[in-house]
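What follows is one structure encoded as structure tokens, with my remarks underneath.
What follows is calculated from the coordinates using simple rules that are stated; it is not laboratory data. Here the structure is a predicted model, which is why all the values come from computation and not from measurement. Positions of Cβ are generated from backbone atoms using ideal geometry, with glycine treated the same way; all protein chains shown enter the neighbour counts.
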Amino acid sequence: MSANRGFVYIGDHKKLDIINKYIQENDIEKCYVFGDHLKLQCEQYKFSDTDMYKYYYKLLQEIDGASLIIINELMRTQNRYDLKYNCVRKYCLNTKHVLVFSYFPIRKAKEDVMILYDFIQDNPFHKEAYSDAVFNNFVLGDCVLDINKKDVEFGPDVLEKYETEKQKAIKAVNKKPDIIPMRLLKFSQKHKINFDPMDKIKPNMNIMVSNLKVDQYYYSELLNFKKELENGKEDIQKQKRS
Amino acid sequence: MVKKIYRNKNVLESAIERYEYIFDNFENIIVSISGGKDSTVLAHLALMEAKKRNRKIGIFFLDEEVVYKNTIEQVEYVMSMYPEVTNRFWLQIPFNLTNSTSYKDSQLKCWEQKQKKKWMRKRDSKNVLHKTWSHETKIADRKKGFGFYDVFKNFEMSFDNTAFLVGLRSDESLNRYRTVIKHPGYKDILWSTKRGQNNHSFYPLYDWSFSDIWKYISENKLKYHKYYDFCFMKGKFLNQMRVSSLTHEKAFQSIQELPEFEFDTYQKLLNRIEGISFAQETAKDSKMFQVKKLPKNFDSWMKYRDFLLETFPVPEKKYIFIKRFKNHFNNNYVARLQCKQLVLNDYENNFPIKNIEDPVQEKVKYWSKIL
């Protein structure tokens, strides 16, 4: 097991309070934020800039033991070996002060949490297996996903239109076939507005599921996500104790 | 899964031990250099060891003629670092090089006597101007002629019991990693491969990372290729920083920024071979050399491929493509890759075609079924 060099905060936390307290308690001289913007007076880098050559060496030279690295909502892919993550990981090795914030610890599968886990490990190359991970430096906040489902039924006229839309979507595919479910979901949402306004994706979701296959597909994806999230949180708790 | 195992030793200490091992086990040692950062470090470490032992080693550079002026300066710097222990194998001999920028001049014949007036620069009498081997020259493919890899092969064959040092690093790509760890080449040494006539290739920097190389260059105050500074100023990504050839199918994109980096070299290149100006303007065009977007006159990659094949101007190369494509799937995915080979004149098959069912159509079938 590698040693830890900071904390990972999952779920809802008062980020600025945590950061300010950490700065005061640890004689931090400078801060760097990677990921989403925070209301802090310090250098901030977007996810897309993290591996740029002009920043890479500058940051490796500048970041030292008195620096605090804040990684804010940086879960963008499931690829643990992504070059951008490896660059951020390399920056993290220059200091022992790393704070990671992520509302959800996963993107699709519970193993995704290892991306966050890697940020606070000492060894830059060793990637521990999920089953070997110890989440002692993880702080779990409120991270809930309540789904309030309402079933609605479309008549045969909409179902017929859905079929036509599906054929149109298939015909329109050029390079990206994944536009098919997205386009059909849009179709479904357009028709569901007649029942009730939709809420956007957020921790408490009010969703409507119709008798269209596309709705059933996305609903099952959502349930999978919820299940993985619950399993992931449970594993984090369990591995903390052991 | 293959795991990396970390030891309590840094990569420099390990590399020095590897050099000592090679020097202990081989009388003849030849270091291949390209002018890039890795081979500069590779040669410097070898020369330090040679100096310590007061032994001569060979430094090998195959001069492709159409290279950056900076590459030549860097190679000269490495060759002149410790001349007392250096055997200079700077080869300036005629051989064929793929030119992806023109069908008419599909091969550049480097250092061809007929074109002497157009040469990028004069040959230097200090260098090797004639083939170094006495055996009958081996050519892998007569149709393609005496090419880049043939020079290496024949050069190697003129030696026996020799260690050839190569600056390959395994973190550059999985292929390179596999090359290193697949089988031990010499005794139980994994960072080596077996060659003919008891010759062996060694990769003493195989576990060095990108940063290790730069740290060494900085700490030893070594000169390096100015192209890296250019990359820095342009804000390029780490994996885009490569000093490469200017005209072959995997690297001709360097021409696009050549006028900005080395204007003199670009001007000379314009006089030297056909197609340079066109390539300079379109190297990064998604419809032209990138072959990423389908030109609007065609509604499928298959039709575009048929057009390119039908109008391919060099009959002997056209035959190679027809033969190769005969057993391929006929779908848009494969056809795009075929178009890429045709546009880049890749008769050598350096961009191999993944002959599979169209993944886009496979996914469409899936969505069609479940939605």
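Structure notes:
- The listed peptides B:239-245, B:139-145, B:65-71, ordered by packing as a protection proxy, come out as B:65-71, B:239-245, B:139-145 (highest mean of other Cβ atoms within 10 Å first).
- For chain B, alpha-carbon Rg and Dmax in angstrom: 22.6, 75
- Counted over segment B:218-371 with a bin width of 5 Å, the fraction of Cα pairs per bin, in whole percents, is 1, 8, 14, 16, 16, 13, 11, 9, 6, 3, 2, 1, 0.
- Axis of helix A:179-192 versus longest Cα principal axis of chain A: the two differ by about 60°, to the nearest ten degrees.
- Each peptide in A:30-36, B:315-321 gets a packing score, the mean of other Cβ atoms within 10 Å over its residues, and the list from highest to lowest is A:30-36, B:315-321.
- Shielding value for B:30-36 is 0, the average number of Cβ atoms from other chains within 10 Å of each residue's Cβ.
- Each of B:Phe26, B:Phe148, B:Phe60 has some number of other Cβ atoms within 10 Å of its Cβ, and from fewest to most they run B:Phe148, B:Phe26, B:Phe60.
- Hydrodynamic radius (Kirkwood) for segment A:74-118, which is based on Cα pairs only, to one decimal in Å: 11.1
- Lys/Arg +1, Asp/Glu -1 at C-beta; segment B:256-310 dipole; positive extreme among B:Phe298, B:Gln267, B:Phe278: B:Phe298
- Estimated FRET transfer efficiency when R0 is 51 angstrom, pair B:Asn25-B:Lys69 (beta carbons, to 0.05): 0.85
- Basic side chains Lys and Arg get +1 at the Cβ, acidic Asp and Glu get -1 at the Cβ, and with that the dipole of segment A:6-143 about its Cα centre reaches some 340 debye.
- Segment B:99-237: Cα Rg divided by the 2.2 N^0.38 Å rule of thumb: 1.33
- Placing pseudo-labels 7 Å out from each Cα toward the beta carbon at B:Phe232 and A:Leu60 gives an inter-label distance of 1.2 nm.
- Only Lys, Arg, Asp and Glu carry charge here, each on its Cβ (+1 for the first two, -1 for the last two); on that basis segment A:146-233 has a dipole of about 440 debye about its Cα centre.
- Alpha-carbon geometry of segment A:6-143: the Rg and the Dmax are 13.9, 39 Å, given in that order.
- Order by protection proxy (mean Cβ within 10 Å, highest first), peptides A:154-163, B:273-282: B:273-282, A:154-163
- A simple charge model with +1 on the Cβ of Lys and Arg, -1 on the Cβ of Asp and Glu and nothing else charged puts the dipole of the protein assembly as shown at about 1560 debye relative to its Cα centre.
- On the beta carbon distance between B:Asp285 and B:Asp124, with R0 = 56 Å, the FRET formula returns roughly 0.90.
- Globularity ratio of segment A:146-233, using Cα Rg and 2.2 N^0.38 Å: 1.18
- A Stokes-Einstein calculation at 25 °C with viscosity 0.890 mPa s, built on the Kirkwood radius of segment A:45-107 over Cα pairs, returns a diffusion coefficient of 200 µm²/s.
- Inter-centroid distance (Cα atoms) of segment B:132-172 relative to segment B:28-102, Å: 15
- Principal axis dimensions, largest first and in whole angstrom, of segment A:100-175 by Cα: 59, 35, 21
- Here the scattering of segment B:202-244 is modelled by Debye summation over its C-alpha atoms, one equal scatterer each and no solvent; at q = 0.32, 0.34 Å⁻¹ the log10 of I(q)/I(0) is -1.18, -1.17.
- Rounded to 0.05, the FRET efficiency of the A:Glu25 and B:Gln113 pair, given R0 = 60 Å and the Cβ-Cβ distance, is 0.20.
- The angle between the Cα long axis of helix A:213-241 and the main principal axis of chain A comes to about 30°, on a 0 to 90 degree scale.
- Its Cα gyration tensor gives segment B:1-115 an equivalent ellipsoid. The semi-axes, each the square root of 5 times an eigenvalue, are 33, 20, 12 Å from largest down.
- Projecting the Cα atoms of A:Val152, A:Ala169, A:Met205 onto the dipole axis of segment A:146-233, where Lys and Arg carry +1 and Asp and Glu carry -1 at the beta carbon, places A:Ala169 farthest toward the positive end.
- Chain B: most fluctuating residue of B:Leu91, B:Leu309, B:Leu47 per GNM, C-alpha cutoff 10 Å: B:Leu309
- The orientation-averaged shadow of the Cα convex hull for the protein assembly as shown, equal to a quarter of the hull surface, comes to 33.9 nm².
- If you wrap chain A in the convex hull of its Cα atoms and look at it from every side, the mean projected area works out to 15.7 nm².
- Shielding of B:361-371 by partner chains, average beta-carbon count, 10 Å: 5
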